[in-house]
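Have a look at the structure below before the remarks.
The values are calculated or read from the model by the stated rules, or taken from the named source; none is laboratory data. Source: prediction; values computed, not measured. As a convention, Cβ positions derive from the backbone with ideal geometry for all residues, glycine included, and neighbour counts pool all protein chains shown.
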Amino acid sequence: MQIDPISWKQMADIPQMNTNSTESATGFVNVLSSLLTEDSTSKPVERSITQLAPGVTFKDGLLWQQLGAVDDSLPMEGVVHDTGATKPTTFEDLITAAGERYGVPVSLIKAVIDAESSFNPNAVSSAGAKGLMQLMDGTARGLGVSNPFDPVQNIEGGTKYLSNLIQRFGGEMAMVLAAYNAGPTRIANLGVSSDEELMSVAHVLPKETQAYIGKVMNARSKYTL
């Protein structure tokens, strides 16, 4: 996942997927359509703003230690809690504990790990992202992760980051996943506030990000019983 300005440049250097823009956008729209159909039958998620320390701001997704400023003892409003059973994985206990601690659906954590590293704790991307949830060095530091190859720290940090994105984007899952892959500032700068609005500007997202959303959602369905 790409977080800070340097990381964003690195992502720009990653070879584009071997998919034309029309096919990629079509797949992305199909994924969003599915999401919107599911959301229409569920209770709307109440939006909330993450409370940051004085003077702390989101800037290019680098976190600037703002995640450390979040009071983890406060109720996680606007977070969709996972209530269904999921297929077990190698890191089941760690994922379950992190999901409960930060109010992130266990199926989502598993899907992100699957898409990011295929559950390889030693994975390193061409852009330098590391570990199970592919944390960039700057992001890892902001999350208090000293060793991104340690499954305990990586899952803890990656889940905390997902929780922050869920709060920031009001539980709009496509926006959350787009932000995890491309950086929250880039998604925020699109000026959209829902998955439906994101669909209308799908063509401006990197092909990698469009494909990533579908990849994670497919993986999530795989782990949900």
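Below are the figures for this structure:
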quantity	calculated
Helices (runs of 4 or more DSSP H) wholly inside region 135-225 that include at least 2 residues being within 18 Å of residue 98 (Cα to Cα)	137-142, 151-168, 173-182, 207-223
Of all residues in region 86-136 being in contact with a Leu (Cβ under 8 Å, 6 or more places away or on another chain), surrounded by fewer than 23 Cβ atoms within 10 Å (Cβ to Cβ) and among the small types (Gly, Ala, Ser), the one that is nearest to residue 214 (Cα to Cα)	117
Qualifying position, being hydroxyl-bearing (Ser, Thr, Tyr), touching a helix residue (DSSP H, G or I) at 6+ places or on another chain (Cβ under 8 Å) and over 18 Å from residue 106 (Cα atoms), among 185, 159, 209	209
Selection count where residues are closer than 13 Å to residue 158 by Cα and either over 16 Å from the mean Cα position of the chain (by Cα) or at pLDDT below 95 (or both), scope region 120-135	1
The one condition in (1) on the phi > 0 side of the Ramachandran plot; (2) buried (at least 19 other Cβ atoms within 10 Å of the Cβ) that residue 139 fails to fulfil	(1)
Cβ pairs under 6 Å, 6+ apart, first in region 199-216 and farther than 14 Å from residue 180 by Cα, second crowded, with 21+ Cβ neighbours inside 10 Å and modelled with pLDDT under 90	199/32; 202/28; 207/24
